[in-house]
Amino acid sequence: QVRVVESGGGLVQTGGSLRLSCVASGRTFSRFAMGWFRQAPGKERDVVAAISWSGGSTYYADSVKGRFTISRDNAGNMVYLQMNSLKPEDTGVYYCAAGDAYGVSRFPHDYAYWGQGTQVTVSS
């Protein structure tokens, strides 16, 4: 059974930074493609960033390019999302997801395993 757990959310002011962490256990972590998704109130869950199993390929939503960085540590079963220059529109519940996709995927249906989410609130 695969378990995905996020941490690191919180309340931050505009322009601040947060780092989200995610640990996935239950299978060989290095074989997972990983993604971070965000869901704002009343909106769909959309990809923020994604990374291939090797870490060699990454994807970023246009809205976060240049501000967010996704990385992974396969030895520690961890994936991270460094978020800088945060804006109020970054507010939402952030979900970490693991999937068997080859390469990097921005589509939720490519991820079979999801965490419970962590709230990020950016105040103006």
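The values are calculated or read from the model by the stated rules, or taken from the named source; none is laboratory data. What you see is a predicted model; the values in this text were computed from it and never measured. Please note: Cβ atoms are built from the backbone with ideal geometry, for glycine as well, and neighbour counts cover all protein chains shown. Surface accessibility is based on the protein's heavy atoms, side chains included, excluding ligands, DNA and RNA. Shrake-Rupley method; radii C 1.70, N 1.55, O 1.52, S 1.80 Å.
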Are there any pairs, at least 6 apart or on different chains, whose C-beta atoms fall under 8 Å, with the first in segment 103-124 and over 21 Å from Ser63 (Cα atoms) and without any contact (Cβ under 8 Å) to a residue 24 or more places away in the chain and the second open to solvent by 60 Å² or more (accessible area, probe 1.4 Å) and not basic (Lys, Arg), and if so, which? none
Selection count where residues are among the charged types (D, E, K, R), part of a loop (DSSP other than H, G, I, E, B) and within 26 Å of Thr14 (Cα to Cα), scope segment 65-100: 3
Among residues belonging to segment 84-100 that are closer than 13 Å to Met34 by Cβ and open to solvent by 20 Å² or more (accessible area, probe 1.4 Å), point out the one that is modelled with the lowest pLDDT. Asp100
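If a residue has to be touching a helix residue (DSSP H, G or I) at 6+ places or on another chain (Cβ under 6 Å) and part of a strand (DSSP E or B) to count, how many in segment 49-64 make the cut?
So the first thing to find is which residues in segment 49-64 are touching a helix residue (DSSP H, G or I) at 6+ places or on another chain (Cβ under 6 Å), and the list is 53.
With part of a strand (DSSP E or B) added as a condition, the list becomes none.
Matching residues across segment 49-64 total 0.
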Among Arg31, Arg27, Arg45, which is more than 11 Å from the chain's Cα centre (by Cα), modelled with pLDDT of 90 or more, of a type in the set (D, E, K, R) and open to solvent by 30 Å² or more (accessible area, probe 1.4 Å)? Arg45
So Ser54, is it open to solvent by 30 Å² or more (accessible area, probe 1.4 Å), of a type in the set (S, T, N, Q) and touching a Phe, Trp or Tyr at 6+ places or on another chain (Cβ under 8 Å): no
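Just wondering, is there one or more residues in segment 57-70 that are among the hydrophobic types (A, V, I, L, M, F, W, C) and open to solvent by 30 Å² or more (accessible area, probe 1.4 Å)?
No, the conditions are met nowhere in segment 57-70.
Just to verify a result, which residue in segment 71-83, among those that are hydrophobic (A, V, I, L, M, F, W, C) and surrounded by 14 or more Cβ atoms within 10 Å (Cβ to Cβ), is farthest from Arg3 (Cα to Cα)?
Met83
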